[in-house]
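For reference, the structure discussed in these notes is given below.
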Amino acid sequence: MKEKFKQFMIGRYGLDQLYIGMLVLYFVLLFLSRWFMPALMTGAMTIVITLAVFRMFSKNISVRQRENAVYLSVINRVKQTVRQMFQRLNDLPSKRYRECPACGVTLRLPRKRGKHKTSCPKCGTSFEVTIKF
Ligand SMILES: [Zn+2]
């Protein structure tokens, strides 16, 4: 049985991060379907699991790899944004974030009330920042 499955999977795509993401989405929809539009959620769950199984058994490996790369770039951007939000929440008592007017990079400055002169470490531009609280 195991050998037959191995034979069947030769030349097929298999599992990747997008497959795991689709499974997570499936269980999130399952969880939501208990309270929120169960018929719609069941339909969405069917589509998600069908696509996940289709991708797993697909022989068009280059397209599946491209889909996974797009998924990973999106998910990494989301992870980075969430990480930055938590960093800013942690820094709330002691730091303030300001954007450099010249290059747009975000600076992490000590929380000192009033007007201060600061310079951007990236482009070297000096500018004035006001920290109110
Ligand atoms: Zn700058």
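Tell me, in nm to one decimal, what length is gained between Val105 and Ser126 on full extension, where the rule is 0.36 nm per residue of separation less the Cα-Cα distance? All intermediate terms of the calculation are to be shown ahead of the outcome.
Details: separation 21, 0.36 × 21 = 7.56 nm, distance 1.32 nm.
My answer for the length gained is 6.2 nm.
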task = Give the long-range amide H neighbours of Lys95: residues separated by 5 or more places, or on another chain, with amide H under 5 Å away, using H modelled in the peptide plane at 1.01 Å from N.
result = Arg111
ask   = Which listed residue (Phe31, Phe86, Gly11) has the Cα farthest towards the positive end of the charge dipole for the chain, taking +1 on Lys and Arg C-beta and -1 on Asp and Glu C-beta about the Cα centre?
value = Phe86
ask   = Which chymotrypsin sites (Phe, Trp or Tyr not before Pro) from the stretch 8-55 combine a DSSP loop assignment with at most 13 other Cβ atoms within 10 Å?
value = Trp35, Phe36
task = Round to a whole angstrom and tell me the spacing of the C-alpha centers of the stretch 90-126 and the stretch 63-78.
result = 33
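Please go through the stretch 103-133 and write out the trypsin sites (Lys or Arg not before Pro) that DSSP classes as loop and that have at most 16 other C-beta atoms within 10 Å. Can you show the working numbers first?
Details: sites: Arg108, Arg111, Lys112, Arg113, Lys115, Lys117, Lys122, Lys132; in loops: Arg111, Lys112, Arg113, Lys122, Lys132.
Sites meeting the loop and neighbour criteria: Arg111, Lys112, Arg113, Lys122, Lys132.
On average, how much area does the Cα convex hull of the chain cover when viewed from any direction, in nm²?
On the way: hull surface 56.1 nm².
For the Cα atoms of the chain, the hull's average projected area reads 14.0 nm².
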ask   = Ser73 versus Phe86, label points 7 Å from Cα toward the beta carbon: distance in nm?
value = 2.5
note = In whole percents, the bins of 5 Å from zero upward hold the Cα-Cα pairs of the stretch 55-133 as 3, 13, 15, 14, 14, 10, 7, 6, 6, 6, 4, 2, 0
task = Grab the DSSP H runs of the chain that are 4 residues or longer, score each as -39,500 (n - 2.57), total them, divide by all residues and round the 222 nm result to the nearest 500 deg cm²/dmol.
result = -19000 deg cm²/dmol
request  = About the Cα centre of the stretch 1-128, how large is the charge dipole given +1 on each Lys and Arg Cβ and -1 on each Asp and Glu Cβ? Please answer in debye to the nearest 20.
outcome  = 580
query = What is the distance, in nm, between label points placed 7 Å from the Cα along the Cα-to-Cβ direction at Arg66 and at Lys112?
reply = 5.4
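When only DSSP loop residues count, what trypsin sites (Lys or Arg not before Pro) in the stretch 3-59 have their Cβ near at most 12 other Cβ atoms within 10 Å?
On the way: sites: Lys4, Lys6, Arg12, Arg34, Arg55, Lys59; in loops: Arg12, Arg34, Lys59.
Passing both the DSSP loop test and the Cβ count: Arg34, Lys59.
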Integer Hz, Karplus 6.51/-1.76/1.60 couplings in order for the stretch 60-69, x for Gly and Pro = 8, 5, 5, 5, 5, 5, 5, 4, 5, 5
request  = List the extent of the Cα atoms of the stretch 93-133 along each of their three principal axes, largest first, rounded to whole Å.
outcome  = 26, 16, 12
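Any read-out appearing in this document is the output of simple, stated calculations on the displayed coordinates, not a laboratory observation. Source: prediction; values computed, not measured. FYI the Cβ positions are ideal-geometry reconstructions off the backbone, even for glycines, and counts take in every protein chain you see.
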